[in-house]
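The values are calculated or read from the model by the stated rules, or taken from the named source; none is laboratory data. All of these numbers come straight from a predicted model, not from anything done at the bench. Glycine also receives a Cβ, built like all others from the backbone with ideal geometry; neighbour counts cover every protein chain displayed. Accessible surface is based on the protein model in full, side chains and every heavy atom, while ligands, DNA and RNA are left aside. Shrake-Rupley method; radii C 1.70, N 1.55, O 1.52, S 1.80 Å.
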Amino acid sequence: MSYGTLPTRFLNAVEEHPSPRAQMFRGPDRWESISSQEFLRRVAGLADAFVELGVKSGDRVGLFAPNCPEWHTADFAISGSGGVTVPVYFNESPDRMSYILNHCGAQVVFIAGAKQLKKFLAVRDSLKEVQQVIVAGAGDDLPADFLRYETLISATGPVEIAAYRLRAAKVLPSQLASLIYTSGTTGEPKGVMLTH
């Protein structure tokens, strides 16, 4: 029995169960929501950016964020592009963060939040293969060579959503979806390979 892939399940949920509150998060003063259509628009825009940056099927993309809407947006954008999500625990030590991103061979990293950006910048020079960094919610303190998530998705529309649907349809259930690194209690962290 085939359960499909993560991006196709996401697309089915958006189509079959549209909601004005697909994502909910605590804002500064109240709970805020993101509709399923807006969620899809953001995912498609970020996926388009990943493809433009050269992310191909099987490429590892680091994801360094706390639990926030952007974490889920990035995960579906990565998997819908055929890439492999490599989450880095939001409170990971600098040494472990460097190890994970170097070991998996991530060339692109997505970061959410100024706090995560600051932690990443502390290890940036030790990362051998990272070529592009996209940051959400960084405020004004974004390094000139990093890309701003909000700018990348701002003009996303029907063309990018259609392209996301086409790319997502090409992802196979047997493909690698995520590399989740263990805590490393028996030495360095091990990358656990999870397929769709």
(request) Would you list, by chain and number, the aspartates and glutamates whose Cα falls below 13 Å from the Cα of residue 118, excluding same-chain residues fewer than 8 positions away? (result) 92, 140, 141
(message) From Cα pairs below 8 angstrom and at least 6 apart in sequence, can you work out the relative contact order of segment 1-96, rounded to a whole percent?
(response) 26
(message) If you average the C-alpha positions of segment 165-181 and of segment 46-72 separately, how far apart do those two centres end up, in angstrom?
(response) 12
(request) Using amide H atoms built 1.01 Å from N in the peptide plane, name the residues 5+ places from residue 195, or on other chains, whose amide H lies under 5 Å from its own. (result) 177
(message) Using all alpha carbons of segment 69-140, what is the percent of pairwise distances in each 10 Å bin, ordered from the shortest bin to the longest?
(response) 19, 57, 23, 0
(message) Counting only protein heavy atoms and a 1.4 Å probe, tell me what percentage of the chain's accessible area is made up of carbon and sulfur.
(response) 54
(message) Sort 98-108, 185-195, 117-127 by the packing proxy (mean of other Cβ within 10 Å over each peptide's residues), most packed first.
(response) 98-108, 117-127, 185-195
(message) I'd like the accessible area for residue 56, computed on protein heavy atoms only with a 1.4 Å probe and all protein chains in place. Round to 10 Å², please.
(response) 120
(message) Going by amide H atoms built from the backbone, whose H comes under 5 Å of the H on residue 147, apart from near neighbours?
(response) 133, 134, 135
(request) Calculate the dipole size of the chain relative to its Cα centre from +1 charges on Lys and Arg beta carbons and -1 charges on Asp and Glu beta carbons; express the result in debye to the nearest 20. (result) 340
(request) Could you order 46, 176, 6 so the one with the most accessible surface comes first? Probe is 1.4 Å. (result) 6, 176, 46
(request) Specify the residue with the greatest mean-square fluctuation among 75, 59, 145, computed from a Gaussian network of the chain linking alpha-carbon atoms under 10 Å apart. (result) 145
(message) Below 8 Å, C-alpha to C-alpha, sequence gap of six or more: please give me the relative contact order for the chain in percent.
(response) 23
(request) Would you please classify the overall shape of segment 29-98 from the alpha carbon gyration tensor, given that a ≥ b ≥ c denote the square roots of the eigenvalues, rounded means a/c under 1.5, and beyond that prolate means a/b larger than b/c while oblate covers the rest? (result) oblate
(message) With both bridge residues required to lie in segment 36-184, what share of the DSSP beta bridges run antiparallel, to the nearest 5%?
(response) 0
(message) From the helices alone, meaning DSSP H stretches of at least four residues, give me the mean residue ellipticity at 222 nm for the chain, per-run term -39500 (n - 2.57), in deg cm²/dmol to the nearest 500.
(response) -12500 deg cm²/dmol
(request) Filter the chymotrypsin sites (Phe, Trp or Tyr not before Pro) in segment 1-91 to those in DSSP coil with at most 10 other Cβ atoms within 10 Å of their Cβ, and list the result. (result) 3
(message) Give the lysines whose C-alpha is closer than 24 Å to that of residue 56, dropping any in the same chain fewer than 8 places away, or say none.
(response) 128, 170, 190
(message) How much of the pair distance distribution for segment 1-158 lies past 29 Å, counting alpha-carbon pairs only, in percent?
(response) 16
(request) Under 12 Å from the Cβ of residue 139, count the other residues' Cβ atoms, weight Lys and Arg +1, Asp and Glu -1, and hand me the total. (result) 0
(message) Using the Cα centre of segment 57-196 as origin and beta-carbon charges of +1 (Lys, Arg) and -1 (Asp, Glu), tell me which of 110, 121, 86 is placed farthest towards the positive end of the dipole.
(response) 86
(request) Give the relative contact order (percent, whole number) for segment 81-186; include only Cα pairs under 8 Å separated by 6+ residues. (result) 37
